[in-house]
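The values are calculated or read from the model by the stated rules, or taken from the named source; none is laboratory data. Bear in mind the structure is a predicted one, so any value in this text is a computation, not a measurement. As a convention, Cβ positions derive from the backbone with ideal geometry for all residues, glycine included, and neighbour counts pool all protein chains shown.
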């Protein structure tokens, strides 16, 4: 009996005895590399303060929020704000405008930087290549306000350069910024011009990491330049493309609020009214904070669902994924 009790006591004590050395060794590893954790600390602090702590305020989407009552004392209304959103006569139009604009924007803004990077990568290092990269990258530094101002000037129906060229060719002036059917093409085209150069740099960095021996071997086998792009460059940057595509899809419905709002007029409201501009109107201009928070939370949940879905698809297809 005593032997059984001794064995049981030994088994009960052993896990604790094994656990303490593990904790000690883990602490020693942290202390040994404390410089790395110090470098990591500001990033962690940033996410805690500006990303995770604000999530506490999401609860106002389920309350009838008043500044006097605050987060905790404002009356709880449950799903009332979401029911109001889904039953709104504007909901279907705003959701369809947001999804359609996001899909068209993704269809052009995502692949064009890849094509630019593949083409620029074929240029020999020198002034010409640096000049082309500078021209493509420069629009990134122009603010959105300036870009929209340029659009209004260039596309003016009376004095705009584009309409003057149309009239010169025998056509009729087009009111681009006041036509609902032209809002999406102008938005997407300006986004490509402004963002393609910045995104191109990411793919150029990935192309720089491809082993030159692969290109040398392809040349020996008689591969042409286009064959080397297709069989060496594209497979080499495929993991980067996969990860960035998942991130782009996860951020699909977070369209540029500032640009859409600046391009929005009373004449093109039928296509320019998207989730972000509607949230601004009801939240800040209308002071309906709880309703605006519900719209924002609904939009974020849609993005989260897209991110999880496409990450799962990438894993099933044995492509690079976020996790």
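Restricting attention to the range 52-79, which residues are closer than 17 Å to residue 287 by Cβ and assigned to a helix (DSSP H, G or I)?
57, 60, 61, 70, 71 - these are the residues of the range 52-79 that are closer than 17 Å to residue 287 by Cβ and assigned to a helix (DSSP H, G or I).
Just one of 108, 198, 152 is modelled with pLDDT under 95, part of a helix (DSSP H, G or I), more than 24 Å from the chain's Cα centre (by Cα) and assigned by TED's automatic domain parsing to the domain that holds residue 248; which is it?
Values: 108 fails: more than 24 Å from the chain's Cα centre (by Cα); 198 fails: more than 24 Å from the chain's Cα centre (by Cα).
Step by step, each of 108, 198, 152 is checked, and only 152 is modelled with pLDDT under 95, part of a helix (DSSP H, G or I), more than 24 Å from the chain's Cα centre (by Cα) and assigned by TED's automatic domain parsing to the domain that holds residue 248.
Does residue 306 satisfy the criteria of being at pLDDT 85 or above and within 15 Å of the chain's Cα centre (by Cα)? It would help to see each step written out before you state the result.
Details: at pLDDT 85 or above: yes; within 15 Å of the chain's Cα centre (by Cα): yes.
Yes; evaluated as a whole, the condition is true for this residue.
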Inset, instruction - Go through (1) out of contact with any helix residue (DSSP H, G or I) (no Cβ under 7 Å at 6 or more places or on another chain); (2) more than 24 Å from residue 102 (Cα to Cα); (3) part of a helix (DSSP H, G or I) one by one and return the number of the condition residue 215 breaks. - result: (1)
